[in-house]
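**Student:** Supplied in C-alpha cells, the structure appears directly below.
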Amino acid sequence: MVSQIKSRFPIFQQHPGLVYLDNAATTHRPQAVIDAITNFYVADNSNIHRGMYELSANATTAYENTRRKTAAFLESDNPGTIAFTTGTTESINIVARSFVEKRLHPGDNIVITMMEHHANFIPWQMLAKARSAELRIVPINEKGDLDLREFGKLLDAKTKIVACTHISNTLGTVNDIAKIVDAAHKKDIPVLVDAAQSAALYALNVRELPYDFLAFSGHKMFGPFGTGVLYTADKYVADILPYNFGGGIIQDVTLEDTIFKKYPYHLDAGTPNVSGVMGLGAAIDFIKGMDTKQAMDHVNDLTTYCREQLLKIDEVKLVGWPKSQGGIISFLVRDIHPHDVASFLDKDHIAVRAGMHCTQPLLAFLETPATVRVSFSIYNQRADVDHLCDALRGLIKFWS
Ligand SMILES: Cc1ncc(COP(=O)(O)O)c(C=O)c1O
C-alpha cells in the first residue's frame, strides 16, 4: 500500500532519498491536489460570487460544491456550518473574537489544557486578560495524558468555552474528546476542538459526536497552505459575528449602517483563496479515496515501531508516553541540543523538527526547553524509522 500511495506524491520523485518525518508541521501534497489548483488557474480562473458571466458562475459553483464536500466529510448535511479560513489559527481566533468575546464577562472563565499549541492558547489568554476573565488550564500527568478528573472540577456555571486539542502536536497524545465534549455539554458549555493533527486520518463525525466548533488546516491533510476550516454547529451559527470587515460579506450598506450576510458568508471579507479551496476539495477526495482505517493502522504501527526502536538506544529519552499516541513522538538524545540533532539528521536527508513546537507552556511543565519530534504520515515506512535510528547511533558515536 505505502509504495503505491507514496508514488502519488511528486516530492518523493524530486527527492528520492528524503526521509520526511515532519508531517505534524505540514504533510506533502499528492499530484491530484497540485492538479486541482493548476486546473483551476488554467481552465476556470475568475473571482467568485461577483461575476455575471459563465467563468465566474462556474468558479462559484465549484467553491460552493467544496463547501458541501467539506460538510459531507464531517458527516454534516448542512454546508452552512462550514466556513473556509486560512487555517486552524484563524478558525480559533474567529471563535474567540466573534463568539466567545461578547459572552465573556469579568469573573467568567475559559478552560483549555496544558498541551495546547500556541494557536489554541494565546487567543484565549489574550481574551481572558482583556475581559478580566480566568484562564483555567487542565493539567497533564508526566506521561502526557490529560487529567480528566481535574478537568471536570474546572467546569462551572461561569465557563464560557472549553478549547482542547484532539492530538497533541508535541507528545502525540490522542485525547478522549468524546469524554470532554460529554462533560462540557452536561453543563451546557460549548467545546472547540483543535483538529489540526487529526483531520487527515481521524473520522470527525459531527453526527456521532456533537462538536460545537472544529478547527483544522488544509496543509496538514494533504491540501494547500493558506486553507482551513471552521465548522460551527447549527445551534451556534447565528451567534458568530463578522470578523473582518470589507467587501463580499454584505447584504446592504448605507451611510449609516451595514447589514451583513449570515454565517459562513459574513466571514469571507475580501477575495477568498479560491484556488486553495479547490485544492482542499481535492485533498478531501484523496482522503475519502483511501482506506482510512488501514492508513491509521499503518501510522499507529509506525508509532509503536519507532518507540520500540528508539528505546533500544540507551542515550535516547522519550518525552511523554501517553496511553494513546497518534503518529507523533518527542525525544531527547543525551545532552545534545535538539537543534544539533536535527541538523545532523538533515545531513542524511532525514527531516525532523526540533524546538518547542509552539507549545512553550507544555515544555516548561516538562522542564525541557526543546525536543526532537518525529511525525508520521501514510507515505512513511518502517525503513524510515530504521534510517532515523541508524543516523542517531551515528550521531551519538560522533558526539562522544
Ligand atoms: C495542534 C495544532 N493546532 C494548531 C496549529 C496551527 O495550525 P496552522 O498554523 O495551520 O494555523 C498547529 C500547527 O502545527 C497544531 O499542530
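The values are calculated or read from the model by the stated rules, or taken from the named source; none is laboratory data. Just so we're clear, the structure is a prediction, and the values are computed from it rather than from any experiment. In this analysis, Cβ positions are derived from the backbone assuming ideal geometry, glycine residues included, and neighbour counts consider all displayed protein chains. Protein only, heavy atoms only, side chains kept; ligands, DNA and RNA dropped before computing areas. Shrake-Rupley method; radii C 1.70, N 1.55, O 1.52, S 1.80 Å.
**Student:** Any residue in the range 383-400 that's under 15 Å from H337 (Cα atoms): show its pairings with residues that are in a helix (DSSP H, G or I) and not hydroxyl-bearing (S, T, Y) at Cβ separation under 6 Å, as long as the two are six or more apart or on different chains.
**Tutor:** Once the first residue is under 15 Å from H337 (Cα atoms) and sits in the range 383-400, its partners that are in a helix (DSSP H, G or I) and not hydroxyl-bearing (S, T, Y) give L395/F344.
**Student:** Restricting attention to the range 114-128, and to residues there that are touching a residue at least 60 places away in the same chain (Cβ under 8 Å) and not in a loop (DSSP other than H, G, I, E, B), which single residue is nearest to I180 (Cα to Cα)?
**Tutor:** Restricting to residues being touching a residue at least 60 places away in the same chain (Cβ under 8 Å) and not in a loop (DSSP other than H, G, I, E, B), the top hit is N120.
**Student:** Sticking with this one: Restricting the search to the range 35-53, which residues are aliphatic (A, V, I, L, M) and either within 16 Å of the ligand (Cβ to nearest atom) or in contact with a helix residue (DSSP H, G or I) (Cβ under 8 Å, 6 or more places away or on another chain) (or both)?
**Tutor:** Matches in the range 35-53: A36, I37, I48.
**Student:** Please state which one of I177, I161 is modelled with pLDDT of 95 or more and either under 23 Å from P369 (Cβ atoms) or in contact with a helix residue (DSSP H, G or I) (Cβ under 7 Å, 6 or more places away or on another chain) (or both).
**Tutor:** None of the others qualify; the one that does is I161.
**Student:** Okay, moving on. For I249, all conditions in the list (1) within 16 Å of the ligand (Cβ to nearest atom); (2) open to solvent by less than 20 Å² (accessible area, probe 1.4 Å); (3) modelled with pLDDT under 95 hold save one; what is the number of the exception?
**Tutor:** The number of the failed condition is (1).
**Student:** Tell me, which strands (runs of 3 or more DSSP E) lie completely within the range 277-393 with 1 or more residues that are under 21 Å from F216 (Cβ atoms)?
**Tutor:** Hits in the range 277-393: 328-333, 353-355, 371-375.
Residue-by-condition table, conditions (1) away from the ligand (no atom under 13 Å from the Cβ); (2) of a type outside the set (G, A, S):
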site: E75; (1), (2): yes, yes
site: A83; (1), (2): yes, no
site: R97; (1), (2): yes, yes
site: T113; (1), (2): no, yes
site: A119; (1), (2): no, no
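**Student:** For R136, only one of the following conditions fails: (1) assigned to a loop (DSSP other than H, G, I, E, B); (2) more than 14 Å from the ligand (Cβ to nearest atom); (3) closer than 17 Å to L362 by Cα. What is its number?
**Tutor:** Looking at each condition in turn, R136 falls short on (1).
**Student:** So H219 ticks every box in (1) under 27 Å from Y379 (Cβ atoms); (2) away from the ligand (no atom under 11 Å from the Cβ); (3) buried (at least 21 other Cβ atoms within 10 Å of the Cβ) but one. Which box is left unticked?
**Tutor:** Among (1) under 27 Å from Y379 (Cβ atoms); (2) away from the ligand (no atom under 11 Å from the Cβ); (3) buried (at least 21 other Cβ atoms within 10 Å of the Cβ), the lone unmet condition for H219 is (2).
**Student:** Given the structure, is G226 within 16 Å of the ligand (Cβ to nearest atom) and open to solvent by less than 10 Å² (accessible area, probe 1.4 Å)?
**Tutor:** Spelling it out, it is not the case that G226 is within 16 Å of the ligand (Cβ to nearest atom) and open to solvent by less than 10 Å² (accessible area, probe 1.4 Å).
Conditions (1) closer than 25 Å to P123 by Cβ; (2) assigned to a helix (DSSP H, G or I); (3) within 16 Å of the ligand (Cβ to nearest atom), marked per residue:
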{"site": "R8", "(1), (2), (3)": "no, no, no"}
{"site": "A24", "(1), (2), (3)": "yes, no, yes"}
{"site": "L55", "(1), (2), (3)": "no, yes, no"}
{"site": "S91", "(1), (2), (3)": "yes, yes, yes"}
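**Student:** What are the residues in the range 213-241 that are more than 30 Å from P30 (Cα to Cα), modelled with pLDDT of 95 or more and either in a loop (DSSP other than H, G, I, E, B) or not β-branched (V, I, T) (or both), if any?
**Tutor:** If the condition is that a residue be more than 30 Å from P30 (Cα to Cα), modelled with pLDDT of 95 or more and either in a loop (DSSP other than H, G, I, E, B) or not β-branched (V, I, T) (or both), then A233, D234, K235, Y236, A238, D239, I240 are the ones that fit.
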